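Peer 1: Below is one structure. I have some questions about it.
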Amino acid sequence: MAISKKYFDVGCFSRFPSLRGTKQSSTMKQIASFLAMTVYLFFFLSLFSSTKAFSQTSVKQKKQLTRILFLFDASQSMYARWETNTKFEIAKKLLSEMVDSLQPIDDLELAMRVYGHTKRYPPQDCDDTRLEVPFGKQNGFHIKKRLSE
């Protein structure tokens, strides 16, 4: 809600006709304008601060659970060499390091799905996938154990 200049000219100074048109009237207008803005500023700040305080005391937010599903390729193509080792061994090492780095995080669940490891090759089977480690907290050990088997 904006206060128009007309309001100050008519509303505030209509009660004091002797101040209209004098040097004091411009000073009074400035003071009235300043006071009105101060009142509005105080009102909005108090409204904002009371809402913030209310939200902090009445509703406590739960930490949101984060779930990460690792998809691990264990197909025949992973036995090809890449630089110093096979792709399979490099991927196992990287996934193991990643799981170790995520262990200290609270509200985190990890799982691992592996594909390309249960059926013979050839032919390729796109349905060759299995959830080897289901979601759970602090189950990095289970993922690393499954990788080593």
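The values are calculated or read from the model by the stated rules, or taken from the named source; none is laboratory data. For clarity, every value in this text was computed on a predicted model and none was experimentally measured. Cβ placement follows ideal geometry from the backbone for every residue including glycine, while neighbour counts extend to all protein chains displayed.
Peer 1: Look through the range 87-123, keep the residues that are among the aliphatic types (A, V, I, L, M) and in a helix (DSSP H, G or I), and return whichever of them is farthest from ILE68 (Cα to Cα). Give the derivation first.
Peer 2: We begin by selecting, within the range 87-123, every residue among the aliphatic types (A, V, I, L, M); these are 90-91, 94-95, 98-99, 102, 105, 108, 110-112, 114.
Filter once more, so that each one left must be in a helix (DSSP H, G or I): 90-91, 94-95, 98-99, 102.
Numbers: ILE90: 20, ALA91: 17, LEU94: 15, LEU95: 12, MET98: 11, VAL99: 10, LEU102: 10 Å.
So, considering only residues that are among the aliphatic types (A, V, I, L, M) and in a helix (DSSP H, G or I), the one farthest from ILE68 (Cα to Cα) is ILE90.
Peer 1: As an exercise: evaluate THR118 against (1) among the β-branched types (Val, Ile, Thr); (2) at pLDDT 85 or above; (3) within 26 Å of HIS142 (Cβ to Cβ) and give the number of the one condition it does not meet.
Peer 2: Just one mismatch for THR118, condition (2).
Peer 1: Could you look through the range 60-81, keep only residues that are within 19 Å of LYS137 (Cα to Cα) and of a type in the set (Lys, Arg), and pick out the one that is modelled with the highest pLDDT?
Peer 2: Selected residue: ARG67.
Peer 1: Another question, then. State all residues of the range 100-149 that are closer than 20 Å to GLU89 by Cα, out of contact with any Asp or Glu (no Cβ under 7 Å at 6 or more places or on another chain) and of a type in the set (S, T, N, Q); if no residue qualifies, say none.
Peer 2: SER101, THR129, SER148
Peer 1: Same structure, new question: Give the range 75-115 a look and list any residue that's small (Gly, Ala, Ser) and touching a helix residue (DSSP H, G or I) at 6+ places or on another chain (Cβ under 7 Å), or say none.
Peer 2: ALA80, ALA91, SER96
Peer 1: Restricted to the range 96-127, and to residues that are under 16 Å from SER148 (Cα atoms) and aliphatic (A, V, I, L, M), which residue is surrounded by the fewest Cβ atoms within 10 Å (Cβ to Cβ)?
Peer 2: Applying the filter and picking the extreme gives MET98.
Peer 1: If THR57 meets every condition in (1) surrounded by 10 or more Cβ atoms within 10 Å (Cβ to Cβ); (2) at pLDDT below 90; (3) assigned to a helix (DSSP H, G or I) apart from one, which number is that one?
Peer 2: So the condition that THR57 fails would be (1).
Peer 1: Okay, next question. If ARG67 satisfies every condition in (1) in contact (Cβ under 8 Å) with a residue 24 or more places away in the chain; (2) surrounded by 12 or more Cβ atoms within 10 Å (Cβ to Cβ); (3) assigned to a strand (DSSP E or B) but one, which is the exception?
Peer 2: ARG67 satisfies all of (1) in contact (Cβ under 8 Å) with a residue 24 or more places away in the chain; (2) surrounded by 12 or more Cβ atoms within 10 Å (Cβ to Cβ); (3) assigned to a strand (DSSP E or B) except (2).
Peer 1: For the range 73-95, how many residues meet the condition of being crowded, with 16+ Cβ neighbours inside 10 Å and touching a Lys or Arg at 6+ places or on another chain (Cβ under 7 Å)?
Peer 2: So the count comes out to 1.
Peer 1: Right, another one. Can you tell me which residues in the range 130-145 are part of a helix (DSSP H, G or I) and in contact (Cβ under 8 Å) with a residue 60 or more places away in the chain? Can you show your working first?
Peer 2: Filtering the range 130-145 for residues part of a helix (DSSP H, G or I) gives 140-145.
Answer for the range 130-145, where residues must be part of a helix (DSSP H, G or I) and in contact (Cβ under 8 Å) with a residue 60 or more places away in the chain: just ILE143.
Peer 1: Take the conditions closer than 30 Å to GLN61 by Cβ, at pLDDT below 95 and among the polar types (S, T, N, Q) and apply them to ASN85. Does it pass?
Peer 2: When the stated conditions are applied, ASN85 does not pass them.
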